[in-house]
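To keep things clear, I will list the structure first and then write my remarks on it.
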Amino acid sequence: MSQSKPESRAASNAGKARKVKPKRTGAKRWVVGVLKWGSITAAVLFVVAAVGVFVAYQRTEIPAANQLANAQVSIVYYADGKTELDRIVAANANRESVPLSKVPKSVQQAHLAAEDRGFYENNGISLSGILRAVKTSVTGEPQVGGSTITQQYVKNYFLSQDRTLSRKAREILISVKIDSQRSKDQILEDYLNTIYYGRGAYGIQSAAKTFFNKDVSALTVPEGAVLASIINAPSLYDPANGADAKQRLENRFAYVLDGMVDEGWLTAAERATYTALPTIAPVRANRFSAGPKGYITAMVKKELTKTGLTDAEIDQGGLRIVTTIDKTSQDAAVAAMKGNLPDQVTGGLVAMKPGDGAVVAMYGGADYAKNQLNTSTQAILQGASNFKPFAVLAAVRDGISIKTRFDGNQPQTIDGTRIVNYGGRSYGYVDMTRMIGRSINTAFVNLNKEVGPAKTRQAAIDAGIPAKTPGLDDSLTNVLGSASPHVIDMATAYSTIAGQGIKVTPYLVKKVTSTTDAGFGYASKPQAVRAFDKNVTADVTNAMTYTVKPGGSATKLQALGRPIAGKTGTSSASKSIWFTGFVPQLTVSIGMYKPDANGNALTLTDSEDTNLTGGTIPADVFYDFMEVALKNLPVEQFPDAVGVGDEKVAPTATYVPPPQTSSQAPTSTPPTTTEPPTPTTTAPPSTTQAPTTTRPPEPTTTRPTATGRPTKTRRPPIQTGGGAPQPSATNQGQPQVTATAGGG
């Protein structure tokens, strides 16, 4: 037994030895170490972060209101970046604070339902909203909502509008501190007095007066819901901005009211009575300058919103906006329009750089404070003979030479439509240069039939006329300009020709910086695409120079002493008159009309004390403007004609049509299309061939008189004085297409 005990202990010890775990080596040891020290490090970092947040919180002071809350002005400059054009004044110019007790409880609750339903329970911040904001700041994604009312108040009143993590961090700390030091009612009152509602209205009182013409205390439940809905994005939810904006407002209006029901602030029965938006006041006079400058500032602001800036950031962001507007050219545009427009006649002018799109001058009306309709970008005018070059574009693009001749006699019935020429004149067979120079309706309709109206329409769209332009269709007479574009659309389309086939998007903002955020900046990037081959536009440009050559409808422009291409235009019943033309460096479009009380175009008659056609007043404006705008630009030549399709044109005999009057049919039978006798294109008939009883006098090649207008000669009413289809009472209801050729 004495020997068995040691053996037993040895066996027991051996068993115990076998149970000892082996030491960790390799990957397992490394993983365990990382987890151990990682946990320790994380804990340390958490403590450090917590201490850092605590220290930052203790050191964070609620700052005084920054300059943004006191209406920091955004300044608009001319293209030189130094000369001030206008100012966008917003905040305190239209801000009025009121105590919370004056705001109806239902209006307060509507704002809570829209922006922060847990306002009275939270500590001033939204964790989920903060995480979303951090994510979008890091990824660069569009900003999303989620901030509490306290955070929004802090951002609007105490901080700049930049979107950085550092600003977001300060916003959070200040929000928490304000929430701990001020009552919820005080925070809500401050918020309602500083939030931006659009239309220049800051604060609930200004918004009530701006949108409903009443004191805030008189707001109803649906009116409060509208205001609460709009603050989410004023430019997107203001019904004054169109049908889409109204639809968005209706959707959010319903969301706010439903939220009030969910929170117990509104009964379902009450909610059921609010099915439609309340009546909202129209937009009134604004913060932009009176006179012509206001139209430019309004366009600048509209363009800036497309860059992602909000109305509030534009209005109160301390922006320094450099435009493309040249002061000398802009002053010349205003002087030319004011010096030539007859009484009761208005119109627009747009001058832009071909190949670039920079708008160097714009006249949108006489006084923005009195009428906010921009006659260059919003008024629609029947395009008239300004559309004829698009048929030439379509033809040359199809390989048809500008030397190709078409029947220019009148009257003609083409595919069931009776076509006549201005002044009742027949021209025989004429090529496209003469057709453009004299604006011959019958010849252009024959050309359009040859090319196809759909191709003419497409050429207009490709050049820059919007596809949704009213009246733009595939009818045979679309070449005569029945469509109604804006002046800026016509300037864009002609710039495509002047730019040798390069279509550009017009723009007015060249560069933007901000005094409140050194990191913010914007620089324009011209948007250009090739729409036509340069050989096509070279031939079309050559044809368009005949408008200002002897026998053309605007020969007075020769006095400018440089190559000019363009086209006059006079619409049906003379409801609009145009001249659009260009030199290699600059395109200018001028459109005029006489509006009635509702803004609809009236017929321009002898009561305006002048022969109003595209070759008179619009051409005078073009001359007066270009004389100044081109003063420091060198004389440049257009590209030489290439002769696209010339090889397909056979030489023909010369034909000179007999003199005609507007009151009788041609004395000779028009030649057939199988053997078309044609006039020469180098020696157009003299103006003595025109009938003396109905034609206005030909414009001279000398400078207009000192008054800026040619000598006025009254003419009797002309029955054939328009450019688009119009019913004829003498032709059994058959369309009577009348257009101006001599002046149009």
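Would you mind stating whether Asp539 is without any contact (Cβ under 8 Å) to a residue 40 or more places away in the chain and either of a type in the set (Asp, Glu) or assigned to a helix (DSSP H, G or I) (or both)? Here the answer is no, as Asp539 does not meet what is asked.
Quick check on Ala312: is it buried (at least 21 other Cβ atoms within 10 Å of the Cβ) and part of a helix (DSSP H, G or I)? Answer is yes for this residue. Residues that are within 21 Å of Asp539 (Cβ to Cβ) and surrounded by 24 or more Cβ atoms within 10 Å (Cβ to Cβ) within the stretch 570-599 comprise Thr580, Gly581, Phe582, Thr587, listed in sequence order.
Do we have any residue at all in the stretch 230-252 that's closer than 19 Å to Gln109 by Cβ and of a type in the set (Asp, Glu)? So far as the stretch 230-252 goes, no, none of its residues is closer than 19 Å to Gln109 by Cβ and of a type in the set (Asp, Glu). Scanning the stretch 158-190 for residues that are among the acidic types (Asp, Glu) and at pLDDT below 55 gives a single hit, Asp162. Of the residues making up the stretch 404-420, those that are out of contact with any helix residue (DSSP H, G or I) (no Cβ under 6 Å at 6 or more places or on another chain) and either under 25 Å from Thr545 (Cα atoms) or small (Gly, Ala, Ser) (or both) are Thr404, Arg405, Asn409, Gly416, Val420. Within the stretch 209-220, if we keep just the residues that are surrounded by fewer than 21 Cβ atoms within 10 Å (Cβ to Cβ) and closer than 21 Å to Met260 by Cα, the residue that is nearest to the chain's Cα centre (by Cα) turns out to be Thr220.
Looking only at the stretch 510-530, decide whether some residue is of a type in the set (S, T, N, Q) and either closer than 23 Å to Thr433 by Cβ or surrounded by 24 or more Cβ atoms within 10 Å (Cβ to Cβ) (or both).
No: zero hits.
Tell me yes or no: at least one residue of the stretch 402-423 is more than 22 Å from Ser572 (Cβ to Cβ), of a type outside the set (D, E, K, R) and surrounded by fewer than 24 Cβ atoms within 10 Å (Cβ to Cβ). Taking every residue of the stretch 402-423 in turn, at least one turns out to be more than 22 Å from Ser572 (Cβ to Cβ), of a type outside the set (D, E, K, R) and surrounded by fewer than 24 Cβ atoms within 10 Å (Cβ to Cβ).
Any chance you could count how many residues in the stretch 95-120 are in a loop (DSSP other than H, G, I, E, B) and either at pLDDT 85 or above or hydroxyl-bearing (Ser, Thr, Tyr) (or both)? Break it down into steps so the answer makes sense when it comes.
In the first step, residues of the stretch 95-120 are kept if they are in a loop (DSSP other than H, G, I, E, B); the result is 96-99, 103-104, 116-120.
With the extra rule that they be either at pLDDT 85 or above or hydroxyl-bearing (Ser, Thr, Tyr) (or both), the set shrinks to 97-99, 103-104, 116-120.
Final tally of qualifying residues: 10.
Selection of the stretch 170-203 for residues being in contact with a strand residue (DSSP E or B) (Cβ under 7 Å, 6 or more places away or on another chain) and in a helix (DSSP H, G or I) yields only Thr194. In the set (1) of a type in the set (Lys, Arg); (2) loosely packed, with under 15 Cβ neighbours inside 10 Å; (3) in contact (Cβ under 8 Å) with a residue 12 or more places away in the chain, the condition left unmet by Lys246 is number (2).
Yes or no, residue by residue, for (1) surrounded by fewer than 19 Cβ atoms within 10 Å (Cβ to Cβ); (2) more than 24 Å from Arg87 (Cβ to Cβ):
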residue	(1), (2)
Val226	no, yes
Asn241	yes, no
Val261	yes, yes
Ala272	yes, yes
Leu319	no, no
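Only residues that are at pLDDT 95 or above and in a helix (DSSP H, G or I) were counted in the stretch 423-436, giving 5.
Confirm whether Ser206 is touching a strand residue (DSSP E or B) at 6+ places or on another chain (Cβ under 8 Å), part of a helix (DSSP H, G or I) and buried (at least 19 other Cβ atoms within 10 Å of the Cβ). Answer is yes for this residue. Inside the stretch 347-371, can you point out the residues that are touching a Gly at 6+ places or on another chain (Cβ under 9 Å) and surrounded by fewer than 22 Cβ atoms within 10 Å (Cβ to Cβ)? If the condition is that a residue be touching a Gly at 6+ places or on another chain (Cβ under 9 Å) and surrounded by fewer than 22 Cβ atoms within 10 Å (Cβ to Cβ), then Lys353, Gly355, Asp356, Ala366, Asp367, Ala369, Asn371 are the ones that fit. Selection of the stretch 510-544 for residues being touching a Ser or Thr at 6+ places or on another chain (Cβ under 6 Å), of a type in the set (A, V, I, L, M, F, W, C) and modelled with pLDDT of 95 or more yields Ala531, Ala543. Within the stretch 68-94, the set of residues being in a loop (DSSP other than H, G, I, E, B) and modelled with pLDDT under 85 comprises Ala71, Gln72, Val73, Val89, Ala90, Ala91.
When Ala240, Ala269 are screened for being at pLDDT 95 or above and in a helix (DSSP H, G or I), only Ala269 passes.
Identification of strands (runs of 3 or more DSSP E) wholly contained in the stretch 437-535 with 2 or more residues that are in the same structural domain as Ala379 (by TED's automatic domain parsing) and free of Cβ contacts under 8 Å to residues at least 24 places away in the same chain yields 521-523.
Of all residues in the stretch 244-291, which are assigned by TED's automatic domain parsing to the domain that holds Gly198, out of contact with any Leu (no Cβ under 8 Å at 6 or more places or on another chain) and closer than 30 Å to Tyr363 by Cβ? If the condition is that a residue be assigned by TED's automatic domain parsing to the domain that holds Gly198, out of contact with any Leu (no Cβ under 8 Å at 6 or more places or on another chain) and closer than 30 Å to Tyr363 by Cβ, then Asp244 is the only one that fits.
The values are calculated or read from the model by the stated rules, or taken from the named source; none is laboratory data. None of the values given here were measured: they were computed from a predicted structure. As a convention, Cβ positions derive from the backbone with ideal geometry for all residues, glycine included, and neighbour counts pool all protein chains shown.
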